[in-house]
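The values are calculated or read from the model by the stated rules, or taken from the named source; none is laboratory data. Quick caveat, the model's predicted, so the values are computed rather than measured. Ideal geometry is used to build each Cβ from the backbone, glycine not excepted, and the neighbour counts take in all protein chains shown. In case anyone asks, the SASA skips ligands and DNA or RNA and just uses the protein heavy atoms, side chains included. Shrake-Rupley method; radii C 1.70, N 1.55, O 1.52, S 1.80 Å.
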Amino acid sequence: MKVKVLFFAGLREQLGTPGEEIELPGGVTTVGGLRQFLSEKGNSWKSALAEGKLVRMAVNQDMVQPGAPIKAGDEVAFFPPVTGG
Amino acid sequence: MKISVQPGDFDLSAEVKKISGEKTVGAVASFVGVVREVPMTLEHYPGMTESAIRRIVEEASGRWKVMDCTVIHRYGALQPGDQIVLVAVASAHRGDAFAACEFIMDYLKTQAPFWKKEHHPGGAAWVEARASDDQAAGRWQGPTRKAS
C-alpha cells in the first residue's frame with residue numbers, strides 16, 4: 001500500500017526531504033512500524049529516526065502513539081517535539 | 001471562535017474588541033507571546049496546526065464557560081519584540097476567562113505543530129522542546145481546576 005510521508009523542522013533538514021509517497025511492505029501496519037522501516041533507509045535516516053530519538057508522529061493530522069494503525073492513502077507525519085507559542 | 005495561523009502581525013485591542021461585543025461578556029483575558037532577544041523563523045504543519053488549535057479551544061470550552069475565543073499564531077521570519085501568538089478568551093466572569101486562556105496557551109505549547117529556529121550570530125539552531133512545557137500542560141490533567 002502507498003502512504004504519503006511528511007517531515008518537518010529539524011527532521012526535514014536532517015533527512016533532506018519534506019516527504020514523499022512511499023510503497024510499504026506488507027508487514028508495516030502501524031506508524032511505529034513505518035518509523036522502523038524508514039530508519040533502515042540509510043545512515044541519516046537511522047540517526048534521525050532511531051529508537052530513543054524524540055520523534056512525534058501524526059496520522060491524517062492527528063497526533064498519535066506509535067501503535068496507531070495506518071492504511072493506504074494516509075498522510076503520516078514525523079516531527080520533533082513542538083516548540084510554538 | 002476565530003483561529004488564524006498567519007505570517008502577518010495582529011492588533012490586540014482590535015481582537016479583544018471583536019469578542020467583547022455581547023452584553024453578557026463581563027471579562028476578556030488575553031495573552032500575547034513576544035519574540036525574546038534572538039531573531040527566529042517559525043515553521044508549522046499547515047492544516048494540522050489549525051485543527052490542533054481548534055481541538056484545544058474546544059477542550060477549554062468544555063471545561064470553562066467560554067463565550068468567545070480568538071487564537072492567532074504567526075509563522076515565518078520574526079524579529080525580537082515581534083508578537084508571535086495571541087490567545088483571548090471572553091467569558092461572563094474573570095475566573096473562566098483566566099483559566100481557559102492559560103489552559104489554551106499551555107496546550108498550544110505542547111500540542112500545536114510549530115517549530116522555532118533561532119538565528120544566533122554563530123548560526124541557526126532549532127529550539128529544543130522544554131520539559132517544563134510538558135509539565136505546564138500536565139497540571140491540567142486530573143480534576144478540573146474550578147474557576148472562582
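The single condition among (1) more than 12 Å from chain B (Cβ to nearest Cβ); (2) modelled with pLDDT of 95 or more; (3) open to solvent by less than 60 Å² (accessible area, probe 1.4 Å) that A:PRO69 does not meet is (3). Taking the stated definitions as given, is B:SER30 over 16 Å from B:TRP140 (Cβ atoms) and touching a Lys or Arg at 6+ places or on another chain (Cβ under 9 Å)? Considered against the rule, which asks whether it is over 16 Å from B:TRP140 (Cβ atoms) and touching a Lys or Arg at 6+ places or on another chain (Cβ under 9 Å), B:SER30 comes out as no.
On the stretch given as segment B:83-116, residues that are within 7 Å of chain A (Cβ to nearest Cβ) and either within 16 Å of B:GLU50 (Cα to Cα) or out of contact with any Asp or Glu (no Cβ under 9 Å at 6 or more places or on another chain) (or both) total 10. Of all residues assigned to segment B:80-99, at least one qualifies as being part of a strand (DSSP E or B), open to solvent by less than 20 Å² (accessible area, probe 1.4 Å) and under 17 Å from B:THR41 (Cα atoms). If you take the residues in segment B:19-37 that are surrounded by fewer than 15 Cβ atoms within 10 Å (Cβ to Cβ) and not hydroxyl-bearing (Ser, Thr, Tyr), which one is nearest to B:CYS101 (Cα to Cα)? Among residues in segment B:19-37 that are surrounded by fewer than 15 Cβ atoms within 10 Å (Cβ to Cβ) and not hydroxyl-bearing (Ser, Thr, Tyr), the one nearest to B:CYS101 (Cα to Cα) is B:VAL32.
Can you find a residue in segment B:109-121 that is of a type in the set (S, T, N, Q) and surrounded by fewer than 16 Cβ atoms within 10 Å (Cβ to Cβ)?
Keep residues of segment B:109-121 that are of a type in the set (S, T, N, Q), which gives B:110-111.
Checking which are surrounded by fewer than 16 Cβ atoms within 10 Å (Cβ to Cβ) leaves us with none.
Scanning segment B:109-121 turns up no residue that is of a type in the set (S, T, N, Q) and surrounded by fewer than 16 Cβ atoms within 10 Å (Cβ to Cβ).
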